[in-house]
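Remarks on the structure that follows.
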Amino acid sequence: MLKFSVLFMLATATLAAADFPQAEISNGSVRAKLYLPDAQRGYYRATRFDWSGQIASLESQGHNYFGQWFDRYDAKLHDSILGPVEEFLSNGMGLGYNDVKTGESFVKIGVGAVRKPEERAFSQFKTYEITDPGKWTVKQFPDRVEFTQELRDTAGYAYLYKKTVRLTKGMPQLVLEHSLKNTGTKVIETSVYEHNFYVIDGKPAGPDFTVKFPFAVRATADLKGMAEARGNQFTYLKELQKGQSVYTALEGQGNTPKDYDIRVENAAAHAGVRQTSDRPLAKLVFWSIRTTVCPEAYIDMRIEPGKEFTWRIAYDFYTLPESGAK
């Protein structure tokens, strides 16, 4: 296990040293490195996830929470990205996908306008040709980075997207503040989810991890003896090995923001993180391989032309007593 952690951190450091546009922020309690959107030199140039707010590393109270979790890096590979990151989907597709013909453009919010090729159906994991990356503006401060993307009309859709990655003064807390304004002529109906890619101290996914919710949680898939939902907790029954994965939808949440309250704790690292929001959970999914633990929390939005939708997600980092998370 120690060897795994050391190799994991070395791989992260190697990639982090590359010449990608980046920023560092700190508030004394938390130090984080972010990769910045850039169509030519950016760390991430695929079309699945929002380009803003990629957190390459975050350290709080001696623990690391984000970093490289994948074996092969390619800037245009859909999941060569470091969490927490967000993806926008409209009925499982890009915005306006079904409204345009082959060769025309649809929208991936946080990425821009992308071309629809000749294909049978939208592919979430495919990297599409970007026809308009929009206009990105990035402002850097000691404790925060402010991102703005403006996308002009694409098949009736246009928007002004703002995202601030902020460290709260005097607290071990990271906050993501978002706003999405509809500047087009069509209604924007979409959902966004956090794909957190937690890698707490590089510990492998296994029984040392516990994911907690404020409600009794139910798994909808067969977890094949690798994990289980019990009461308000999702736990592993064994340590995942390379090539193994866990994936399931989770149910049980109510329709108020109080149920958007997720804790991921590792008993061996004596570290945890609490994720909360000011919006209710629309859907909850869990995905994991050996190198990362990923509760995925969805938020729905419907934005009329000229209107704006805002949402906030906070991460509180904390330590656990030596007795562990359980």
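The values are calculated or read from the model by the stated rules, or taken from the named source; none is laboratory data. Just so you know, these numbers come straight off a predicted model, no measurement behind them. Positions of Cβ are generated from backbone atoms using ideal geometry, with glycine treated the same way; all protein chains shown enter the neighbour counts.
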In region 278-295, residue farthest from residue 179 (Cα to Cα) [restricted to those that are under 15 Å from the mean Cα position of the chain (by Cα) and surrounded by fewer than 21 Cβ atoms within 10 Å (Cβ to Cβ)]: 287
message: Would you confirm, using the coordinates I've provided, whether residue 194 is within 22 Å of residue 92 (Cβ to Cβ), in a strand (DSSP E or B), in contact with a Pro (Cβ under 7 Å, 6 or more places away or on another chain) and in contact (Cβ under 8 Å) with a residue 24 or more places away in the chain?
response: yes
field: Residue count, region 276-326 (criterion: in a strand (DSSP E or B), within 20 Å of residue 61 (Cβ to Cβ) and not aliphatic (A, V, I, L, M))
entry: 6
message: Being at pLDDT 95 or above and buried (at least 22 other Cβ atoms within 10 Å of the Cβ): is that true of residue 108 here?
response: yes
query: Does at least one position in region 132-142 carry a residue that is touching a Ser or Thr at 6+ places or on another chain (Cβ under 8 Å), hydrophobic (A, V, I, L, M, F, W, C) and crowded, with 20+ Cβ neighbours inside 10 Å?
result: no
- prompt: Taking only pairs six or more apart or across chains, which ones have beta-carbon atoms under 7 Å, a first residue in region 59-77 that is assigned to a strand (DSSP E or B), and a second residue that is polar (S, T, N, Q)?
  reply: 60/29; 64/57; 66/57
- prompt: Which pairs do you get when a residue that is under 16 Å from residue 54 (Cβ atoms), found in region 108-119, comes within reach of a residue that is among the aromatic types (Phe, Trp, Tyr) and not in a strand (DSSP E or B), reach meaning Cβ atoms under 8 angstrom, with the pair 6+ apart or on two chains?
  reply: 108/128; 110/49; 110/51; 111/49; 111/51
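Looking at this structure, is residue 240 touching a Pro at 6+ places or on another chain (Cβ under 7 Å), surrounded by 17 or more Cβ atoms within 10 Å (Cβ to Cβ) and not in a strand (DSSP E or B)?
yes
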- prompt: Does residue 74 meet the test of being in contact with an Asp or Glu (Cβ under 6 Å, 6 or more places away or on another chain) and not polar (S, T, N, Q)?
  reply: no
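Just give me the residues in region 62-105 being basic (Lys, Arg) and either farther than 30 Å from residue 31 by Cα or crowded, with 19+ Cβ neighbours inside 10 Å (or both), in sequence order.
101, the sole residue that qualifies.
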task: Could you grab me the full set of residues in region 164-175 that are buried (at least 21 other Cβ atoms within 10 Å of the Cβ) and under 19 Å from residue 136 (Cβ atoms)?
output: 165
- request: Search region 27-56 for residues that are closer than 15 Å to residue 140 by Cα and pair each with any residue that is among the basic types (Lys, Arg) when their beta-carbon atoms are under 6 Å apart and the residues are at least 6 apart or on different chains.
  value: 27/169; 52/163; 53/163
task: Just name the residue that is surrounded by the fewest Cβ atoms within 10 Å (Cβ to Cβ) out of those in region 143-157 that are among the aliphatic types (A, V, I, L, M) and either over 18 Å from the mean Cα position of the chain (by Cα) or within 11 Å of residue 108 (Cβ to Cβ) (or both).
output: 155
query: Does residue 151 qualify as being among the hydrophobic types (A, V, I, L, M, F, W, C) and closer than 18 Å to residue 309 by Cα?
result: yes
